[in-house]
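For reference, the structure discussed in these notes is given below.
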Amino acid sequence: LARLRDRLARSGSPLGTRLLSVLSRDHLSEDDWDELEETLLLADVGAGPAGELIDALRTRVRVEGVKDPVGVRSMLRQELVALVDPTLDRSLGTTPTLAEDGTKTPAVVLVVGVNGTGKTTTVGKLTRVLVAEGSTVVLGAADTFRAAAADQLTTWGARVGVETVRSAKDGADPASVAFDAVRTGRARDADVVLVDTAGRLQNKAGLMDELGKITRVITKDAPLTEVLLVLDATTGQNGLNQARVFAEVAGVTGIVLTKLDGTAKGGIVVAVQRELGVPVKLVGLGEGPDDLAPFDAEGFVDALLQ
Ligand code: GDP
């Protein structure tokens, strides 16, 4: 969290700086309220949520008779936290199921998203986190479209002693790689199987076919415990459009927002959750192996408002 705060500070969060400059005025005029709303929009919070937040804040300022800037600021913080929704369950589905006879079925986590958003990097970082927590992991390189993806994943895995299941040739059937990965996970008594996929969005029907087939073969052998959608925080509305398609096609259970270190528009967290009704569970804060953090609503809002 300290790191997130640090990075948002370095990228010069316009939300924090501008909001606080408006809120330090003694009396909020009509123009000031408009400026507040505009600031939220600039930070990608989205028109609906921004309007709701301003309405809620104006009502509270009036009803509770708060005039001092510090009071208004603390109300804004509360309203922003409510908007980010701290009540959502952000735990990851990475717990294996154990039968009475002790046989273990690994949790299967499918990672989806458009190429370039940071999928493979996220799988790599998440593998490190899981291994550090004591879980045994098997990786599946079902992104058979991009030749370098399997190599990249294998490298991430090898660094922490994790096996990567991949196809012998490029362009192989991603579903068969996913199938092999889950089989291998079971054979190795693994806790978690993480499956990296290709995200070609040119053709929604094709994507639906591919992800549908992957899902079907996985669930023959083990429950699909988590479908993580990786979104690049720097892409704004475009990211939202991608999110809609994947949510429809893949039954997304959680969002990973990457490259939050490269944008001052942290408000996309609010817009994405609202749009999909799915919580942001993890955030990517850089290209390094340890730049992945669980999402925490209060800490996030504090980082935005600093
Ligand atoms: P994929 O095609 O979705 O698998 O994307 P990659 O994992 O190959 O990542 C694409 C690029 O984004 C790489 O250069 C990564 O290092 C970079 N990247 C991934 N996550 C982050 C992040 O959280 N912050 C930054 N700054 N870069 C990231």
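Each reported figure results from applying straightforward, stated rules to the coordinates on display, with no laboratory input. Just so it is clear, the model here is predicted, and its values are computed rather than measured. Neighbour counts are summed over all protein chains in view; Cβ atoms, including those assigned to glycine, are modelled from backbone coordinates with ideal geometry.
Mind jotting down a quarter of the surface of the convex hull over the alpha carbons of region 83-204, in square nanometres, one decimal?
Projected over every direction and averaged, the Cα hull of region 83-204 covers 9.5 nm².
Residues with beta-carbon under 11 Å from that of T103, excluding T103: net charge, scoring Lys, Arg +1 and Asp, Glu -1?
Net local charge, T103 excluded: -1.
Compute the signed sum of charges (Lys and Arg +1, Asp and Glu -1) over the other residues within less than 13 Å, Cβ to Cβ, of R274.
Its environment carries a net charge of -3.
Note down the nm distance, to one decimal, between modelled labels 7 Å out along Cα→Cβ at L98 and at A187.
In this crude label model, L98 to A187 measures out at 2.5 nm.
For n ≥ 4 DSSP H runs only, could you compute -39500 (n - 2.57) per run for the chain, divide by its residues and tell me the 222 nm figure to the nearest 500?
-16500 deg cm²/dmol
Kirkwood Rh, Cα Rg: Rg to Rh for region 93-161?
Answer for region 93-161: 1.01.
Could you state the number of Å between the C-alpha centres of region 133-201 and region 252-306?
Each part's Cα centre sits 25 Å from the other's.
Rounding to the nearest 10 and keeping the result within 0 to 90°, find how far the Cα-based axis of helix 204-221 lies from the longest principal axis of the chain.
The helix 204-221 is inclined about 60 degrees to the chain.
Multiply the residue separation of T59 and H27 by 0.36 nm, subtract the distance between their alpha-carbon atoms, and state the gained length in nm to one decimal.
Result: 10.0 nm gained on full extension.
Kirkwood hydrodynamic radius, computed over distinct alpha-carbon pairs, for the chain: how many Å, to one decimal?
This gives a value of 20.4 Å.
For the Cα atoms of the chain, what angle does the longest principal axis make with the long axis of helix 14-23, in degrees from 0 to 90, nearest 10?
Long axis of 14-23 versus the principal axis of the chain: about 20 degrees.
Mind checking the angle between helix 30-42 and the chain's longest principal axis? C-alpha axes, 0 to 90 degrees, to the nearest 10.
10 degrees
Classify region 48-91 as rounded, prolate or oblate from the Cα gyration tensor: take a ≥ b ≥ c as the square roots of its eigenvalues, call it rounded if a/c is under 1.5, otherwise prolate when a/b beats b/c and oblate if not.
Prolate, because a/c is 1.5 or more and a/b exceeds b/c.
Mind ordering 66-76, 97-107 by average Cβ neighbours within 10 Å, highest first?
66-76, 97-107
With only Lys, Arg, Asp and Glu charged, each at its Cβ (+1 for the first two, -1 for the last two), find how big the charge dipole of the chain is about the Cα centre; round to the nearest 20 debye.
660 debye
Lysines near K119 by alpha-carbon distance under 16 Å, same-chain residues fewer than 8 away left out - which ones?
K259, K281
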